[in-house]
Amino acid sequence: MINRRTALFTAAASAAAFAVRAQDNPMPHGAPAGPPPQTDYDPALVALVNGPQRSEANKARDPWRHPLETLSFWGLQPGLVVADIDPGGGYWTEIVAPYLAQGGGRYIAGMADPNDPAASEGAKRGRAAFEAKYADKAVYGDITYAPFSAAGGFIAPANSIDLIIYSRYVHDLMGIPGALPRTLGGFDSSLKPGGVLAVEEHRADPRAMVPNATDGYVATDFVIGEARKAGLMFEKASEINANPKDTKDHPFGVWTLPPTRRSAPGGQPPNPAFDHSKYDAIGESDRMTLRFKKPLSA
């Protein structure tokens, strides 16, 4: 099953322990109640999470994605060089880019190279739309770009990046031969010694992962194992983005759930008779949230 992200670079590819959090007061549409309020977050980050530069659609996802908790767990700080891999609708861009602009850091979007003849037209259009949307340097700073594709992986200067955000993207590459090892290898090369790879991914556990995670759900041990093969050390995991309501047995995989809300097999038109109520009540997927580190020395 191919989702939006995989479709964007298909042409390029052809060229080359489940802890349950209490939910006594679930949010609307099944959103977990979330972690208790804290007071030790960077005030600048808090202001941007609640800021007017964010779209209402992205803010509506916060009960499942917990941006303050997640970014703090991953170690976001002022002054860092941060790469966001295929930022898509800009959920992290709207927060991280202005935060880094205010704090003397730099935001890099890992996206298709428009000059790459192997890049699909969809990927090129996505890059152009992203550039236009986040062109206001007064808000987002001077966003820079680094090539990323299934065929080429992530390409950036060696030892140049402090933090890489790799959000809900492991499953997209698993059915493309060599794509995931190539991508993780690029992360390892481009991270500074001691740099962090931040992963958020739909979690198959405790059930077994289906071959190539074609339903979108990936085993935590698989992610950790593949990152280790690339030379990265697993540091820790968090249950920030757990959703124990997610039964992980949906007719159209993880994409049956919000925000995609698929009602027919991929590539087919939506089914207007499909009843979304059961899946809307679950909310967004159960997710692993992981932190890896590049060793300080080989």
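Here are the numbers for the structure shown:
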item: Sequence-distant residues sharing a close amide H with Tyr145 (under 5 Å, placed H); result: Ala109
item: Within-15-Å neighbourhood charge of Gln53 [Cβ basis; K, R +1; D, E -1]; result: 0
item: Interchain or long-range residues, amide H under 5 Å from Leu197's placed H; result: Ile164, Phe292, Lys293, Lys294
item: Cα-based reach from Lys294 at 19 Å (exclusive), listing lysines while leaving out same-chain residues under 8 positions away; result: Lys192, Lys229, Lys236
item: Gained length - Gln53 relative to Arg207, 0.36 nm times residue gap less alpha-carbon distance; result: 51.5 nm
item: Förster-model FRET efficiency, 30 Å R0, Ala44 and Lys192, C-beta, rounded to 0.05; result: 0.85
item: Over 17 Å [Cα-Cα, segment 211-294], rounded percent; result: 55 percent
item: Relative packing of peptides 264-273, 225-234, 209-218, 135-144 - highest average C-beta neighbours within 10 Å first; result: 209-218, 225-234, 135-144, 264-273
item: Amide hydrogen neighbours beyond the local backbone of Arg262, cut-off 5 Å, H modeled; result: Thr256, Leu257
item: Summed side-chain charge close to Phe292 - residues other than Phe292 whose Cβ falls under 10 Å, Lys, Arg +1, Asp, Glu -1; result: +3
item: Rg ratio (alpha-carbon, reference 2.2 N^0.38 Å) - segment 136-294; result: 1.14
item: Average projected area [Cα convex hull, segment 76-211], square nanometres; result: 8.9 nm²
item: Those lysines that a straight Cα-Cα span of less than 24 Å connects to Lys137, excepting residues fewer than 8 apart in one chain; result: Lys59, Lys124
item: Three semi-axes of the equivalent ellipsoid, the chain, Cα gyration tensor, whole Å, largest first; result: 26, 24, 20
item: Net charge of neighbours whose Cβ lies under 10 Å from the Cβ of Ile164, counting Lys and Arg as +1 and Asp and Glu as -1; result: -2
item: Shape call, segment 86-164: gyration tensor on alpha carbons, a/c limit 1.5; result: oblate
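Laboratory data are not the source of any read-out in this text; all were calculated from the coordinates shown. What you see is a predicted model; the values in this text were computed from it and never measured. When we count neighbours, we look across all protein chains shown, and the Cβ atoms used for this are built from the backbone with ideal geometry, even at glycine.
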